[in-house]
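The values are calculated or read from the model by the stated rules, or taken from the named source; none is laboratory data. Note that this is a predicted model, so its numbers are computed, not measured. Here the Cβ is made from the backbone with ideal geometry for all residues, glycine too, and neighbour counts use every protein chain on show.
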Amino acid sequence: MTLAKPLPHDAAFQHVSGTARYVDDIPTPASTLHLAFGLSPVAKGEIKSLNLTAVRNVKGVHLVLEAKDLPFTNDVSPSAHDEPLLADKLLHYAGQPIFLVIAESHLIARKAAKMAEFEIVEGVPILSIKQALSSDSRFESGPRVYSKGAPDSALATATHRLDGSLNLGGQEHFYLEGQAALALPGEHGDMVIHASTQHPTEIQHKVAEALNIAQHAVKVEVRRMGGGFGGKESQGNALAVACAIAAMQTGLPCKMRYDRDDDFIITGKRHDCQIDYEVGFDQHGRIQALKFTHYFRCGWAQDLSLPVADRAMLHADNAYDLPHVRITSHRLKTNTQSATAFRGFGGPQGMIGIERVMDHISHFLRLDPTAVRLKNYYPDMSEINEAPATTPYNMPVTDFILGEMTQSILSSSSYSARKASVAKWNAENSTLKRGIALSPVKFGISFTLTHLNQAGALIQIYADGSVLINHGGTEMGQGLFQKVAQVASRALGVTQSMIRASATDTSKVPNTSATAASSGSDLNGMAVQVACKVLKQRISAHVSKQQGCPEDLILFSENMVTGPNFKLPWLEVIKSAYENRISLSATGFYKTPSIEWDRIKGQGRPFLYFAYGVSVTEVVIDVLSGENRILRCDILHDCGNSLNPALDIGQVEGGFVQGAGWLTTEELVWDDSGHLKTHAPSTYKIPACSDRPEVFNVSLWNAPNSENTIYRSKAVGEPPLMHGISAFLAISNAVSACGSNYPHLQAPATAEEIFFAIKRAKGIPHEF
């Protein structure tokens, strides 16, 4: 039916016309109250006294709550129960919520929250990686280590050796719709929550815990988000819990949304980090031994830092077969916002580390970086004769296809000719220098916390033949609802006009996982397919009895149910099934097979499969100002049998731009007292339309997934972001044309950093 067709997003018209309804657009009763947090003015300290008299006296303020006023559990952490909703004496970062204002309007609440009088004994905050290491301020008792082979002895005997360090900045999610929640109190203490969240079940858990009620008494509904990117996996807990508590205490609907500044200041970002490396290699660039040390700045609370840092380790190999490797990871606790999930979930940080190593080796040997990369690739699946190569965590790589993909894009992008053209340009021009780079992507698909790899669905067929789908995935603009509807269309053999995916609802499908880890289509698509199969079996049994036809000869297609001697309209069959009391409602459940992972030992199979891609990007830099422009980008990306090529290409394009933004323009800056200074669009630069490549060629690799996924498709949410690494590498290549020394470009490659890297390339000392 509609599967694999490039259909538009299910809400495309609503998006472009401005009629799509988000949390802040939901009509609310006139009695609805609005909430705002009072925030910590210091990064570290202890509250000696807190005078909220002026706050309470503001006209329109109904209630002000401190930590001592909370009814039950003062916790919104997704993991370690170390993240109170409201600070209780100790302050851990500038922007931490201390009290909650409940007022008649959003504006009144925000203005009142600024009127508190504090007496705070300020402490010395731990802000940097260096400070955290010297204070041994960390999560977990020490570093996590994954290793393979004998890296120390192999490094000692390597033909050549290099070392280096790469600093990677964080990244603000900058979703178009900010964090928002609405709580509607019901009978018997029940609570309905509308939230902009990727994880409705997490919201349900935290609200039930905070109110001391059963989870079945909390219903969380999510129709759509205006972007998430990981920032709405755990960061929405605070708003939903605050609204629920206020609604319980006042008996009135309560709503909360962050202004953009507050969103920046309160919520977590992508983890910034430092990656140190020591590498040994032969004269051809083949890596003989490699040691990585990751230093992740996690912020004040654990949040999701452990699995994020784990995934960085799991992607430290990227596309390369490393015989002897050790990856050491430090998860450091600092007095900054609690870093959280972000598209790629640590994978981009791990991946760019090995790509820097490949570039450094290439520069040292004066070899083409692409040739060095190809020399280190895992063997293609077609080349595996005996035991496959294994990752640093000893997972066999049996589905590698990047060798063939790379040769394809080298040809389609005219890489060799353009590389020669770039060299000629650089020889003739002193002010503008060009650079070109290729980078591959090998990204593991599955949650690394094994029990999260499950999904449920509810399919209901009504007497008029229409089909309603409920599943545990959330729609954040990526087109999940459209893809799942296409799956149901094919599974039931009805046109998509008969099918509708309804809002995600914890009262319909329980115990769901976050829409994260690129799992939305993989998990929920399979669950929907299972439910459809159950319904088809019931309908087939009914038709078989009526028509005297074996069930296995009955087919569903094009709104018809057919057999050897009959052809019945779908509507007629459904009407008959209903009248004969056949159940037309079914649930489906799916759990990812074949995965097993021990994060402590760093051993097992954490991923069902890998998604692949390769990109070639060309840039130009101005050596006088450090400014850069992306001139062209060619991407070949592996989506398996694409469920919807139009949506998938959109994901690839957006992922590249977001990844390039992280590595070029987006810079988070804290001052020496721990205050975030880049907390608005005026000071934090996300890519604009003019920052996209002038020439942007995206193609999908046409080959089915070797694993049994939904119609042999592959995940596409996170992997494309790593294509942005090729933009960073291309800038480094352009900088290398300015001098003979390796430039050690750091990220983000802002104009200032490019200018300093040019100095390093010329041999002018400059620290990074």
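Kindly evaluate GLY674 against the criterion of being at positive phi, crowded, with 24+ Cβ neighbours inside 10 Å and not polar (S, T, N, Q).
Numbers: at positive phi: yes; crowded, with 24+ Cβ neighbours inside 10 Å: no; not polar (S, T, N, Q): yes.
Against the criterion (at positive phi, crowded, with 24+ Cβ neighbours inside 10 Å and not polar (S, T, N, Q)), GLY674 does not qualify.
Evaluate the following for ALA208: is it surrounded by 19 or more Cβ atoms within 10 Å (Cβ to Cβ), in a strand (DSSP E or B) and in contact with a strand residue (DSSP E or B) (Cβ under 7 Å, 6 or more places away or on another chain)? Walk me through how you get there before you give the answer.
Numbers: surrounded by 19 or more Cβ atoms within 10 Å (Cβ to Cβ): yes; in a strand (DSSP E or B): no; in contact with a strand residue (DSSP E or B) (Cβ under 7 Å, 6 or more places away or on another chain): yes.
It is false that ALA208 is surrounded by 19 or more Cβ atoms within 10 Å (Cβ to Cβ), in a strand (DSSP E or B) and in contact with a strand residue (DSSP E or B) (Cβ under 7 Å, 6 or more places away or on another chain).
So for region 157-175 (the condition being assigned by TED's automatic domain parsing to the domain that holds THR250, of a type in the set (Val, Ile, Thr), at pLDDT 95 or above and out of contact with any helix residue (DSSP H, G or I) (no Cβ under 9 Å at 6 or more places or on another chain)), does at least one residue qualify?
no
When you look at GLU221, is it surrounded by fewer than 24 Cβ atoms within 10 Å (Cβ to Cβ), modelled with pLDDT of 95 or more, within 23 Å of the chain's Cα centre (by Cα) and within 30 Å of GLY650 (Cα to Cα), yes or no?
Judged against the criteria, GLU221 is a match.
How many of the residues making up region 233-255 are buried (at least 24 other Cβ atoms within 10 Å of the Cβ) and either at pLDDT below 95 or in a loop (DSSP other than H, G, I, E, B) (or both)?
The qualifying residues number 4.
Considering only region 424-455, state which residues are without any contact (Cβ under 8 Å) to a residue 12 or more places away in the chain and more than 30 Å from PHE589 (Cβ to Cβ). Explain how you work it out, then say what you get.
Kept after step one, since they are without any contact (Cβ under 8 Å) to a residue 12 or more places away in the chain, are these residues of region 424-455: 424-425, 427-429, 451.
LYS424, TRP425, ALA427, GLU428, ASN429, listed by residue number.
Return yes or no: is ALA463 under 20 Å from LEU647 (Cβ atoms), in contact (Cβ under 8 Å) with a residue 24 or more places away in the chain and of a type in the set (Gly, Ala, Ser)?
Numbers: under 20 Å from LEU647 (Cβ atoms): no; in contact (Cβ under 8 Å) with a residue 24 or more places away in the chain: yes; of a type in the set (Gly, Ala, Ser): yes.
It is false that ALA463 is under 20 Å from LEU647 (Cβ atoms), in contact (Cβ under 8 Å) with a residue 24 or more places away in the chain and of a type in the set (Gly, Ala, Ser).
Taking HIS81 as the residue in question, decide whether it is under 27 Å from the mean Cα position of the chain (by Cα), free of Cβ contacts under 8 Å to residues at least 12 places away in the same chain and surrounded by 14 or more Cβ atoms within 10 Å (Cβ to Cβ).
Details: under 27 Å from the mean Cα position of the chain (by Cα): yes; free of Cβ contacts under 8 Å to residues at least 12 places away in the same chain: yes; surrounded by 14 or more Cβ atoms within 10 Å (Cβ to Cβ): yes.
The answer is yes for HIS81.
Exactly one of these conditions fails for ASP671: (1) touching a residue at least 60 places away in the same chain (Cβ under 8 Å); (2) under 28 Å from ARG297 (Cβ atoms). Give me its number.
(1)
All but one of (1) at pLDDT 95 or above; (2) in contact with an Asp or Glu (Cβ under 8 Å, 6 or more places away or on another chain) hold for MET381, so report the exception by its number.
Of (1) at pLDDT 95 or above; (2) in contact with an Asp or Glu (Cβ under 8 Å, 6 or more places away or on another chain), only one is false for MET381: (1).
Could you tell me whether ALA531 is part of a loop (DSSP other than H, G, I, E, B), in contact (Cβ under 8 Å) with a residue 60 or more places away in the chain and out of contact with any helix residue (DSSP H, G or I) (no Cβ under 8 Å at 6 or more places or on another chain)?
Values: part of a loop (DSSP other than H, G, I, E, B): no; in contact (Cβ under 8 Å) with a residue 60 or more places away in the chain: yes; out of contact with any helix residue (DSSP H, G or I) (no Cβ under 8 Å at 6 or more places or on another chain): yes.
It is false that ALA531 is part of a loop (DSSP other than H, G, I, E, B), in contact (Cβ under 8 Å) with a residue 60 or more places away in the chain and out of contact with any helix residue (DSSP H, G or I) (no Cβ under 8 Å at 6 or more places or on another chain).
Just checking, which of PRO681, PRO720 is in a loop (DSSP other than H, G, I, E, B) and either small (Gly, Ala, Ser) or in contact (Cβ under 8 Å) with a residue 24 or more places away in the chain (or both)? Talk me through it step by step, then tell me what you get.
Numbers: PRO720 fails: in a loop (DSSP other than H, G, I, E, B).
Going through PRO681, PRO720 in turn, the sole match is PRO681.
Within region 749-763, can you find the residues that are in a loop (DSSP other than H, G, I, E, B) and crowded, with 22+ Cβ neighbours inside 10 Å? First the steps, then the outcome.
First, pick out the residues of region 749-763 that are in a loop (DSSP other than H, G, I, E, B): 749-750, 762-763.
ALA749, the sole residue that qualifies.
Which of the strands (runs of 3 or more DSSP E) found entirely inside region 556-625 contain at least 3 residues meeting this: assigned by TED's automatic domain parsing to the domain that holds ILE731 and crowded, with 19+ Cβ neighbours inside 10 Å? Quick ask: steps written out before the conclusion?
Working: elements: 560-563, 566-569, 585-591, 596-598, 603-605, 609-622.
Strands (runs of 3 or more DSSP E) meeting the threshold: 609-622.
Given the structure, is TYR258 surrounded by fewer than 24 Cβ atoms within 10 Å (Cβ to Cβ), modelled with pLDDT of 95 or more, aromatic (Phe, Trp, Tyr) and more than 30 Å from ILE401 (Cβ to Cβ)?
Yes, satisfied.
Are any of the residues in region 678-688 among the aliphatic types (A, V, I, L, M), out of contact with any strand residue (DSSP E or B) (no Cβ under 6 Å at 6 or more places or on another chain) and more than 30 Å from PRO6 (Cα to Cα)? Lay out the reasoning, then the answer.
Filtering region 678-688 down to residues among the aliphatic types (A, V, I, L, M) leaves 680, 686, 688.
Imposing the further condition that a residue be out of contact with any strand residue (DSSP E or B) (no Cβ under 6 Å at 6 or more places or on another chain) reduces the set to 680, 686, 688.
Pick out the ones that are also more than 30 Å from PRO6 (Cα to Cα) and you get 680.
Yes, the conditions are met somewhere in region 678-688.
Select, from LEU52, LEU86, the only residue that is of a type in the set (A, V, I, L, M), farther than 15 Å from GLU117 by Cα and either outside the structural domain of LYS677 (by TED's automatic domain parsing) or surrounded by fewer than 19 Cβ atoms within 10 Å (Cβ to Cβ) (or both).
Values: LEU52 fails: farther than 15 Å from GLU117 by Cα.
From the options LEU52, LEU86, the qualifying one is LEU86.
Residues checked against (1) in a strand (DSSP E or B); (2) closer than 30 Å to THR683 by Cα; (3) in contact with a Gly (Cβ under 6 Å, 6 or more places away or on another chain); (4) without any contact (Cβ under 8 Å) to a residue 24 or more places away in the chain:
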site	(1), (2), (3), (4)
ASP261	no, yes, no, no
VAL279	yes, no, no, no
LYS291	yes, no, no, no
VAL308	no, yes, yes, no
ALA312	no, yes, yes, no
THR328	yes, no, no, no
ARG331	yes, yes, no, no
PRO348	no, yes, no, no
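Tally time: how many residues in region 326-349 are crowded, with 24+ Cβ neighbours inside 10 Å and farther than 17 Å from ASP272 by Cβ?
Number satisfying all stated conditions: 1.
When you check ILE287 against the structure, is it of a type in the set (Val, Ile, Thr) and touching a strand residue (DSSP E or B) at 6+ places or on another chain (Cβ under 6 Å), yes or no?
yes
Taking interchain pairs and intrachain pairs at least six residues apart, which have beta carbon atoms under 6 angstrom, with the first residue in region 747-767 and on the phi > 0 side of the Ramachandran plot and the second at pLDDT 95 or above?
What qualifies is GLY763/ASN741.
Spot the failing condition for ALA183; the list is (1) crowded, with 21+ Cβ neighbours inside 10 Å; (2) within 24 Å of the chain's Cα centre (by Cα); (3) under 30 Å from SER519 (Cβ atoms), and only one is missed.
Among (1) crowded, with 21+ Cβ neighbours inside 10 Å; (2) within 24 Å of the chain's Cα centre (by Cα); (3) under 30 Å from SER519 (Cβ atoms), ALA183 violates only (2).
Which residue is nearest to the chain's Cα centre (by Cα), if the candidates are limited to region 26-72 and must be in a loop (DSSP other than H, G, I, E, B), aliphatic (A, V, I, L, M) and under 16 Å from PRO185 (Cβ atoms)?
Initially, region 26-72 is screened for residues in a loop (DSSP other than H, G, I, E, B), giving 26-32, 40-44, 52, 57-60, 66, 70-72.
Still in the running and aliphatic (A, V, I, L, M): 26, 30, 42-43, 52, 58, 70.
Those left that are additionally under 16 Å from PRO185 (Cβ atoms): 26, 30.
Details: ILE26: 26, ALA30: 37 Å.
Across region 26-72, the extreme among qualifying residues is ILE26.
I'd like to check something: does region 142-152 contain any residue that is hydroxyl-bearing (Ser, Thr, Tyr), at pLDDT below 95 and outside the structural domain of ALA757 (by TED's automatic domain parsing)? Steps first, answer last, please.
Of the residues in region 142-152, the ones hydroxyl-bearing (Ser, Thr, Tyr) are 146-147.
Keeping just the survivors that are at pLDDT below 95 gives none.
Looking for residues that are hydroxyl-bearing (Ser, Thr, Tyr), at pLDDT below 95 and outside the structural domain of ALA757 (by TED's automatic domain parsing), one finds none in region 142-152, hence no.
Against the conditions (1) out of contact with any Phe, Trp or Tyr (no Cβ under 8 Å at 6 or more places or on another chain); (2) over 22 Å from ALA238 (Cα atoms); (3) of a type in the set (Val, Ile, Thr); (4) surrounded by 15 or more Cβ atoms within 10 Å (Cβ to Cβ), where does VAL121 fall short? Just the number, please.
If we test VAL121 against (1) out of contact with any Phe, Trp or Tyr (no Cβ under 8 Å at 6 or more places or on another chain); (2) over 22 Å from ALA238 (Cα atoms); (3) of a type in the set (Val, Ile, Thr); (4) surrounded by 15 or more Cβ atoms within 10 Å (Cβ to Cβ), just (4) comes out false.
Can you name the residue in region 471-518 that is basic (Lys, Arg) and surrounded by fewer than 22 Cβ atoms within 10 Å (Cβ to Cβ) and, of all such residues, is nearest to ARG21 (Cα to Cα)? Let's see the steps before the verdict.
Kept after step one, since they are basic (Lys, Arg), are these residues of region 471-518: 483, 490, 500, 508.
From what is left, the residues that are surrounded by fewer than 22 Cβ atoms within 10 Å (Cβ to Cβ) are 490, 500, 508.
On the way: ARG490: 28, ARG500: 16, LYS508: 21 Å.
Filtering region 471-518 for residues that are basic (Lys, Arg) and surrounded by fewer than 22 Cβ atoms within 10 Å (Cβ to Cβ), the one nearest to ARG21 (Cα to Cα) comes out as ARG500.
What is the number of the single condition among (1) more than 20 Å from ARG599 (Cβ to Cβ); (2) over 20 Å from the mean Cα position of the chain (by Cα) that THR293 does not meet?
(1)
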